[in-house]
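Below is one structure; the comments refer to it alone.
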Amino acid sequence: MTVDPLTTRILDRGEHALARLAAMREADPPTTGGRVLSYVYDSGLSELDQLAMRAARLAHGVNGLDPTVFASVAQIHGGIISRTRSILGAGAGAGASAGVGAQAVAGVDAGTAVDGDVFGSVTSGGTESCILACLAAREVRGRSPGDGGTIVAPVSAHAAFRKAAHLLGLRFDGVEVDPVTGRVAAADLLAAVDENTVLVVCSAPSYPTGVIDPVAEVAAGLEAGHDPRIGLHVDACLGGLVLPFWPDTPAGPTMPEWDLRVARVTSISADLHKYGFAPKGTSVLLSRGRTRHRAAWFATVDWPGYPVVNPTLAGSKPLEPAAAAWVVLEALGEDGQRELVSRTAGATQALVEGLSAIEGMTLLDRDPGPLIAVAVDEHAPREQRVHPHRWADACGRRGIAVQAQPAYGQAGRSALSSSSHLTVTPVTHTMVDEILRVATDAADEVRGLPAPRPPAGFSDVLDALAAGTLTPDDILALPEDDIHTMVTGVLGGDHEPGEATGMASLIAAIEALPDAVGARLVRAYLAAVTEV
Ligand SMILES: *Cc1c(COP(=O)(O)O)cnc(C)c1O
């Protein structure tokens, strides 16, 4: 048998490309092992990752665009939706929640607002789930892009809702939070609701603060006299597959109600690629009522091609991530998920205790859940204080990656302070001692140092802004090439792709600049890293 020469050439070049890929991946931070405390969610079980990869291989080649052709798409998606629906308090069947819903909607026109049954879409990630929740809310409320329809959310809601507003022609109305606790008052959220509101958002929990918003109180407030077509979305992208399994600790804070058992909640997002321990690319949006569920879909027959029905933003889409997520869900089962979450909770508790004991730092207010945010201890004497961003860089130099979060200015209240974020996962329980050793050494290294300064090259711009000789609008009017030159010049020339840089001074620049300018600069920064 002769071998096709084309095959030989392809295999040869393919092997070279694979070797280069392996070398590139060597240079990445490790996605497993617990040294990276954001971005990655490691069950600690490599066998689970192997199952996910076998599932992806079996799903390879399918086009998720059309479940009428590829029946496995509907079955996989259905399996994910019924599992997550039951985890999130709606019972396993679409009709299982009818009793709960029906009670709450007495007097409400079923089909417009909160009719009982819960339906779901499998999306590519949390951002897409949140965007679709906002789209459905705009449609259910009968609003058009640019007509003033509003998303009301605590300022601590994920940036995905600002993105949704940007894309969908809605307004994002951020409600300020208590600067010390990070908590929004339900009354403040409700006070922002008016005839333009299409959606109210609560997080369970908020990514930057770890706070679970007062879902039940907001729900009760909405039931008392507000238009039933106003959506109440719970963003459980992070919490959806971890909070339902979080162990009760008699002494600890109690878990508030936040899921679909709260009847006025109209939609909920939950990411399988976070605490579902699935590969990146799978999230769900669950919606109460067929009307809201289908309001997020796009359908047209107004073109010469096949009839288009897209429940999510993509057209053609892979089945691989969803198939992997489904197999992981099935493999873990309720008991497996509970055990992994219990390891996560144990590690979280140990880290909370250890980090709290480090002089000069303090932990932000906590609800049950796997997120930790540390800030400077303002009560410590100046020479004892540990700045969270200097600390994050110092941890990074020691091989433990934590995520710097800029201070957030609020017009009507004090700012949320600079912090650093840790996402705890099951694997963390094997790393607690090392993380705390690194955390302590890093704090010792930077204790007493002043807050980081923006890069020196920005000082002219910052001085001119402060003096008023330059306005934010002047900067925003600059052509993109000028912005590019400014950013690459200040940050030390062109960047190697993926080059690791200390983030403290860049974050300091973001803190010092108006938001719109900061956004323009971080865009240029990412472009400089990725441009070829
Ligand atoms: C991660 C996250 C999102 C966005 O999800 P992506 O999967 O990154 O698109 C939205 N909300 C919260 C609370 C999150 O943690």
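Within region 156-170, being more than 15 Å from TYR408 (Cβ to Cβ), within 14 Å of the ligand (Cβ to nearest atom) and open to solvent by 20 Å² or more (accessible area, probe 1.4 Å) holds for LYS163, LEU167. Within region 374-394, is even one residue touching a Ser or Thr at 6+ places or on another chain (Cβ under 7 Å) and farther than 20 Å from ARG453 by Cβ? Among the residues of region 374-394, at least one is touching a Ser or Thr at 6+ places or on another chain (Cβ under 7 Å) and farther than 20 Å from ARG453 by Cβ, which makes the answer yes. Of the listed requirements (1) within 16 Å of the ligand (Cβ to nearest atom); (2) under 23 Å from ALA55 (Cα atoms); (3) open to solvent by 50 Å² or more (accessible area, probe 1.4 Å), LEU313 misses just one: (2). Per the listing ILE76, ILE81, the residue uniquely under 30 Å from GLU223 (Cα atoms), outside any strand (DSSP E or B) and at pLDDT 95 or above is ILE81. GLY225 meets all of the listed conditions (1) on the phi > 0 side of the Ramachandran plot; (2) buried (at least 19 other Cβ atoms within 10 Å of the Cβ) but one, namely (2). Taken together, the residues in region 21-40 that are part of a helix (DSSP H, G or I) and surrounded by 10 or more Cβ atoms within 10 Å (Cβ to Cβ) amount to 4. If you check SER414 against the conditions, is it part of a strand (DSSP E or B) and of a type outside the set (A, V, I, L, M)? In short, no.
Just to be sure before I move on: is MET1 assigned to a loop (DSSP other than H, G, I, E, B) and either open to solvent by 90 Å² or more (accessible area, probe 1.4 Å) or closer than 29 Å to LEU332 by Cβ (or both) in the structure I sent? Yes. Apart from one condition, SER420 fits all of (1) closer than 19 Å to THR362 by Cβ; (2) touching a residue at least 40 places away in the same chain (Cβ under 8 Å); (3) open to solvent by 70 Å² or more (accessible area, probe 1.4 Å); (4) of a type outside the set (A, V, I, L, M); the exception is (3).
For GLU47, the test of being acidic (Asp, Glu), at pLDDT 95 or above and touching a strand residue (DSSP E or B) at 6+ places or on another chain (Cβ under 9 Å) is failed.
Do we find that PRO145 is open to solvent by 10 Å² or more (accessible area, probe 1.4 Å) and modelled with pLDDT of 95 or more in this structure? Yes, satisfied.
The values are calculated or read from the model by the stated rules, or taken from the named source; none is laboratory data. Not measured: the values here are computed from a predicted model. No Cβ is skipped: glycine too gets one built from the backbone with ideal geometry, and neighbour counts run over all protein chains shown. Side chains are part of the model used for accessible areas, which takes the heavy atoms of the whole protein and leaves out ligands, DNA and RNA. Shrake-Rupley method; radii C 1.70, N 1.55, O 1.52, S 1.80 Å.
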